[in-house]
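One structure is given below, encoded as C-alpha cells.
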C-alpha cells in the first residue's frame, strides 16, 4: 500500500508555516507561538505515524520528474525516519526554548521564519529519496541558516556568517560537482539502489573512489570533519537555540547524515569496504575525534568548548559507520540520535546560564549549581553522557563502537575511544566540578556577571522545560536502551536491514 | 520476594536520595524560611542498605532479568556474591549510623549556617548514591550494570572525599579522581576489548572470552591494572593515603572497608580465575610479586605517617597487596582457586569490617564516649590485634589461608604473608600510638549513634568468620598451630616497642621519617604530569603560531587577488572604446577566414 501523501504532508507542515510566520506582524508573539508549536506538534505526529507505518511494513514514496533524468523523490526509510524523528522532537523542544530565549528581543519574525525554514530543510534532507532531492534541501539548509547565524547583526556575528557561508557554499559546490558526475556516470541514483554502482565493474573503480572523495569533501564541510571544521566554532556567536539546533540536528547532523547516506545507500557498505573507503573514513574520524577534543581543552568559554566537543562527537557517528559490521552501524546510527539529545541539552544549559546569569566564560560558573540546580543537573547528565559514562546514552554508543571495532578487526580503535573519553572527562569534569563543588556568587563570593530573574523558578519555565526534557531523554535512552522504539532499537532494526538483505 | 529485594538493593538508596532532594527543593522554593531545618540524616536515611542485608540473609538464590534495562539487565544473588553483599551492606549500615553522630555538629549548625546545611545535604545525597553504586556492582551480572555501579560509586565518592572543602581535602579528592579516571579508562578498554572479542554481555561470558581470546593476557592485564587503581596495587595506590585522611571518618571507613574491595571484586568478576586454559600464569606471577612488594613497601611508608588515618590507609594498601597476591596465586595455579576463592572472600570481609571499625575508632578516639578509659582502649585494641592476625577473626582467617595454601606450589606465599603481617602489626601499633597522642576529651554519650555503631562494629568485626555466609566452615586454629600463627604479631609488637623506646630516648621522631609525605609516588607523578603538560602547552602554542601564520598568508593572498580583480574594472573603459574596432576586426577576420576556407575547401563556402 502506498500512502504518498504522508511524507509530503510532513514536509509541507513545516514549509507552509514559513509564509504564515512571515505574514504575522512582529508584535503578535502569541499567534506566532501557537503557529510554531502547532506545526511542531503536527510534524511530530506525522513522523510517529510514519514510524508506525514503517514497522508495519508500509511503503511511502512520492515523486515527480523535474527535468529529464532528474526527479524529485521523497521516500520513507528507516534511516530517514530516524533523522526526521530527531528533527521533529528537537524542533518542538527548541521552539519552546527559542520562544523563551528571544522574549523581548528584536527581529523575532525573521528569526522564526528562517528557523522554520531550516527545520523544513532538515525534514527534506531526511525524506529525500535521491541525490538530487538531497542536494536541493541541503543547499536550502545552508541558505536558511545564514540569517540565524548572523541574527544578532553585530560585526562579529556578520563575520561569522560570512565565514559560515564561505565554507558551506564551497562545500555545496564541491558536492554539486560530485552529484553531477554521479549522474553522468550512472544516472539518477535513488537511495537504496546500491547495485547500480556495484554493477559498474572493475574499470569504474578508480573513478568511484575519486567521486567518493569529492562527495565526502562536499559533505564533510557541514559534518565539520577536520580540516573542514573551521566555521563551526566561529558560528558560536549565534543565539543559543540556533547553536543548539545547528549542533544537534540541523547543519552538522545533515552533513553526517549525508555521509551515512553516501556509505549505505549510494555506495553500499560492501562496495565501500571493497574500495578501502571505510579505512579512509576511519582515519579521518579518528583524527577529528582527537583533534576536536584537544582543541576543546584549551577553550576558556563555554560555547566554543561545546563547539569543539561537537566536532569530536559527530565523528563518533562517522567512526561508527566506517567500522565494517553490524555493531559499527548500530553505534553510528544510534549516536546520530544520542549525540543530538545530549548536545542540545548542553547548549540549552549554556543558554540558560547566559540568559539568567550572563555567564559566558567557564571560570564564571563557580557555584552555579546552587543558583540553578535543575539546569546544572541537566548539564551534568549530558556531560557525563558525552564522556560515555553509563547510564547516559553516550555509553551505549561507546559500547557498540568498541564491539564494532573488534568486529571490523581494528582493536586499536578502542584505544582511541579510551583516550577520547579521558580527554572528554578532562574538559567536561572541571565544568561540572565548578558547578557543584566551588564556591561562587551563590555562596556570597563575588557577583554573577549579569543576573536577571527571569521566572518563578531558577529561570524562565520556557527555558527550563526543554532543558529538563532533553536531559531526561538522554538519560532514558541510555537507561532503557533495550525497550522498543528506543534509538538503539531503531539502529539495530536498520543494521539488520543493511547486513541481512 | 527475593526478586523484589534484589531490585530494591540499588533502588531503595536512590529513593532515599530522591527524598533528600525533595527536601532540597522545598528549601530552594522558600529560601527565607525561618526556624529549624529538617534533619537530613534521619533514621530513614540510614536505612539505605537494609534491603541488601535482608537479601544477603534470605536463603536461596535469585535472579532478576530486565530486558529493557540498558543492554539487557541481569542481577543475581548467588553463593559467591552473598558474603560480599552482606559485609558491604553491614559496613555501609554501620558507617551510615555512625555518620549521623559524626556529623552531629554540622547538623546542629545547619539551623543558622546555610553553607553548612548545603554541605550536609550534599553528603546526604551522595552517600546513598555511592552506596547504590557499590551494591549494584555486587549484584550485577550483566557488564553494563556492573560498570554502571562501578562508575557511580567512583564518581559519587568524590563528593564524600572533598566533604570538608578544605585545601587538603580538595587535593586528596583531586588525586582520587585523577587516579580513578585513569582506572576507569583501563577498565573500559579491557571490558570493551574482552567483551567485543567474545560478544559477551554478562560477566560469566566475559571470563570465558578472556580465556579464549588470543590476546587474553593483555585484556587481563588491562583489567588487573584498571581495577588495581581501586584495589591499591603498588604504584597505583597513591590516592589511598591522600584521600583517606581528608575524608570524613565514616566515608574513610567505607572507602577503605568496602569501596576498595570493589576493585578486588572486579578482578574476581572479570579475570578467568580457576580456568586452566586461560594461560594467564605469567600475569599471576606478576600479580603475586607486585602484591607482595605493595604489602611490604606500604608497611614501611605507613610507619612514617603521623596522621592515624594515613597510617591506616597505608595498612590498607599493605593488606590489599596480600589479598592481591592470593588472587595472583589463583591465576598462576588455577587448581588452587577453588580452595582460595573462599579464603579471598573471607580475607576481604575480615579486612573490610576490621579496617572499617579501625577507621571508625579514629573518630572515637577524637571524641571518646563516656565510658571507662580501659574499656575504650581495649575496644580500640581488639580490631588492631585482629588485623595483625593475633585475635578472633584475624586469627581464624590466617589459619584458613594457611590451609588453603598448604601443600601447594605456593606454600611459600603463606610465609611471605606472615612476614607482611609483622609490618601490619607495626602499623597498627603506630596508628594506635598516634590516636593516643591525638586523643580528645570525653564528649559523647555511649548511647549516641556514633558510639553505638562503633561498638556493634567492633563486635561484628571480631567474629567475621562466624557470621559470614561463606558456604564453608571456618575452624578455630588448634592450640598446636598457635605459635606458628602468632609469631608475626609478637615480632611486630617487639619491633614497635623498640622503635617506641628509641623515639623516647631520642625525644622525638627521626627527621628522615617526617620527610616521607603521604601519597609517596603521587608527588613524582604530579611533577611528571606538570612537565609533560608544559611541553604540550609549548607545542600547541607553536602550532597555533604556525596556524595563524599560514592563515594570515592566505588572507594576504586573498586580499591581493581581490585587489587584482578590482583592478580589472579599470580596463572596462578601454573595452568600451575598443568595442567597435574590435568587432570590425573580428568581422573582417571572419570574412577573411571564410574566403580562405572557400579557396582551400570549395565545399565549405556554401551549398554548391
query: Angle between the Cα long axis of helix A:302-322 and the longest principal axis of chain A, 0 to 90 degrees, nearest 10?
result: 20 degrees
- request: Please find the FRET efficiency linking residue A:445 to residue B:25, where r is the Cβ-Cβ separation and R0 is fixed at 30 Å, and quote it to the nearest 0.05.
  value: 0.80
field: Exercise: per-residue mean of other protein chain Cβ atoms within 10 Å, A:432-438
entry: 3
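Using the 10 angstrom Cβ neighbour count as an exposure proxy, how do A:349, A:118 rank, fewest first? Numbers along the way, then the final one.
Values: A:349 32, A:118 29.
Exposure proxy ranking, most exposed first: A:118, A:349.
Hey, any idea what the orientation-averaged projected area of the convex hull of the protein assembly as shown's Cα atoms comes to, in nm²?
On the way: hull surface 221.4 nm².
With every direction weighted equally, the projected area is 55.3 nm².
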Mean ellipticity per residue at 222 nm, deg cm²/dmol - from DSSP H runs of n ≥ 4 across chain B, formula -39500 (n - 2.57): -25500 deg cm²/dmol
- prompt: Hey, any idea what Rg/Rh is for the range B:249-326, computing Rh the Kirkwood way over Cα pairs?
  reply: 1.06
- line: So residue B:67 and residue B:584, fully extended at 0.36 nm per residue minus their Cα-Cα distance, gain in nm 177.5 nm
field: Residue list for the range B:441-483, given a label point 7 angstrom along the Cα-to-Cβ vector of residue B:381 and an amide N cut-off under 17 Å
entry: B:458-459, B:462
statement: What the 5 Å binned alpha carbon P(r) of the range A:113-216 shows, as percent of pairs per bin from 0, is 2, 12, 18, 19, 16, 11, 9, 6, 4, 2, 1
message: Just to confirm my numbers, what's the Cα centroid distance between the range B:153-170 and the range A:80-150 in Å?
response: 44 Å
Peptides A:192-204, B:53-65, A:482-494 ordered by average Cβ neighbours within 10 Å, highest first: A:482-494, B:53-65, A:192-204
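Please compute the average number of Cβ atoms from other chains found within 10 Å of each residue's Cβ in peptide B:193-202.
Working: counts 7, 2, 4, 13, 4, 1, 4, 1, 1, 0.
Across the residues of B:193-202, the mean count of other-chain Cβ atoms within 10 Å is 4.
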message: Which residues does the label zone of residue A:209 cover in the range A:168-191, counting backbone N under 20 Å from a point 7 Å along Cα→Cβ?
response: A:178-179, A:181-182, A:185-186
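Which peptide among B:307-318, B:76-87 comes first, and what is the full order, when sorted by highest mean count of other Cβ atoms within 10 Å?
Values: B:307-318: 27.7, B:76-87: 20.3.
Highest mean packing first, the order is B:307-318, B:76-87.
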- line: Dividing the helical contributions, -39500 (n - 2.57) per DSSP H run of n ≥ 4, by the residues of chain A yields a 222 nm value, nearest 500 deg cm²/dmol, of -24000 deg cm²/dmol
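Once a ≥ b ≥ c are taken as the square roots of the eigenvalues of the Cα gyration tensor of the range B:528-604, is the result rounded (a/c under 1.5), prolate (a/b larger than b/c) or oblate (a/b not larger than b/c)? Could you put the intermediate results ahead of the total?
Values: a/c = 14.49, a/b = 3.18, b/c = 4.55.
Oblate shape, in that a/c is at least 1.5 and b/c is the bigger or equal ratio.
Give the order of B:406, A:229, B:351 when sorted by the count of other beta carbons within 10 angstrom, beginning with the fewest. The partial results should precede the final answer.
Working: B:406 11, A:229 25, B:351 29.
Result, fewest neighbours first: B:406, A:229, B:351.
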query: To the nearest 10 degrees, how steep is helix B:260-270 against the longest Cα principal axis of chain B, on a 0 to 90 scale?
result: 70 degrees
- request: Could you list the residues of the range A:254-296 with an amide nitrogen less than 20 Å from a label point located 7 Å from the Cα of residue B:544 in the Cα-to-C-beta direction?
  value: A:290-296
message: With just the Cα atoms defining each centre, how far is the range B:265-327 from the range A:178-229? Give it in Å.
response: 56 Å
field: Crossing angle, helix A:461-479 versus chain A [Cα axis fit, 0-90 degrees, rounded to tens]
entry: 50 degrees
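Where does each of B:227-239, B:540-552, A:205-217 land if you order them by average Cβ count within 10 Å, highest first?
The most tightly packed comes first, giving B:227-239, A:205-217, B:540-552.
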- prompt: Taking Cα centroids, how far is the range B:362-435 from the range A:278-336 in Å?
  reply: 52 Å
query: Ranking B:142, B:407, A:77 by Cβ neighbours within 10 Å, fewest first, what do you get?
result: B:407, A:77, B:142
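Provide the three semi-axes, in whole Å and in decreasing order, of the ellipsoid equivalent to chain A as defined by the square roots of 5 times the Cα gyration tensor eigenvalues.
Numbers: eigenvalues 242, 139, 84 Å².
Working from the Cα gyration tensor, I get semi-axes of 35, 26, 20 Å.
Report the calculated FRET efficiency for residue A:72 and residue A:20 (r = Cβ-Cβ distance, R0 = 30 Å), to the nearest 0.05. Spell out each step's value before the answer.
On the way: r = 23 Å, r/R0 = 0.78.
E(calc), rounded to 0.05, equals 0.80.
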statement: Using the Cα gyration tensor of chain B, the equivalent ellipsoid's semi-axes, largest first and to the nearest Å, work out to 65, 31, 27
field: Shielding by other protein chains, B:65-71, mean Cβ within 10 Å
entry: 6
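Every read-out reported here was derived from the displayed coordinates using simple, explicitly stated rules and does not represent laboratory data. Please read all numbers here as calculations on a predicted model, not as lab measurements. Glycine gets a Cβ as well: all are built from the backbone with ideal geometry, and neighbour counts include every protein chain shown.
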